[in-house]
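Any read-out appearing in this document is the output of simple, stated calculations on the displayed coordinates, not a laboratory observation. Source: prediction; values computed, not measured. Using ideal geometry, Cβ is built from the backbone for each residue, glycine included, and neighbour counts are taken over all protein chains shown.
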Amino acid sequence: MTLTELREKCLECAKCELHKTRTTVVFGVGNENADIMFVGEGPGQREDETGEPFVGRSGQLLTHYLGAVGLERDEVYIANIVKCRPPGNRDPKPEEQELCLGWLNLQFELINPLLIVCLGRIAAGVLISPGFMVTKQHGVFFKKDERRIMGTFHPSALLRNPSLKPEAFGDFKALKMTLDELKPR
């Protein structure tokens, strides 16, 4: 199966209640051969309208941080745990996350990134460990299923609390350094 074929199947998904209130499925976007894959919790209103993850202010901040460490947005792949917007931008329910996780796991398999970065506590709680504490464990790489995975602050948390930006930038520098170690140019 190709990523395009997987996307087409995902667009028809009706596994959970979120499909009833979505405008569109937000499957993911970016380089299909990316070394780095970013994973958020779920789409917001702008993402639901456009079908692309991280397109609002949070996405602009993510793009800025990538550029600041010498990466381009089109070099990475960006997706979410859930592919449909939870009503009112609430956190995705555990059962919604569980039903949608199969899509993300297939994306991991097809893209095969060297590094995965969880944006925020919900994504990190699903992909790293349920007790993940982003304020204490951000920037630390864990090894899971032969991949290195890190959690960092969600860009929207940085917009609400700018004092966290230096710590988040440190995480992006560590990400770039780890990528350079794994794949020297």
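When each of CYS100, CYS118 is scored by the number of other beta-carbon atoms lying within 10 Å, the sequence from fewest to most is CYS100, CYS118.
Quarter the surface of the alpha carbon convex hull of the chain and you get the mean projected area, 9.8 square nanometres.
Can you give the Kirkwood hydrodynamic radius for region 57-148, in Å, rounded to one decimal and based on Cα pairs? Here the Kirkwood hydrodynamic radius works out to 14.6 Å. Using θ = phi - 60° in the Karplus curve 6.51 cos²θ - 1.76 cosθ + 1.60, the 3J(HN,Hα) couplings for region 69-81 round to 10, x, 10, 10, 4, 6, 8, 10, 10, 10, 9, 9, 4 Hz; x is entered for Gly and Pro. Note on the chain: helix-only mean residue ellipticity at 222 nm, from DSSP H runs of 4+ residues weighted -39500 (n - 2.57) and normalised by residue number, equals -12500 deg cm²/dmol. Highest mean packing comes first when the peptides 108-115, 54-61 are listed by Cβ atoms within 10 Å, giving 54-61, 108-115.
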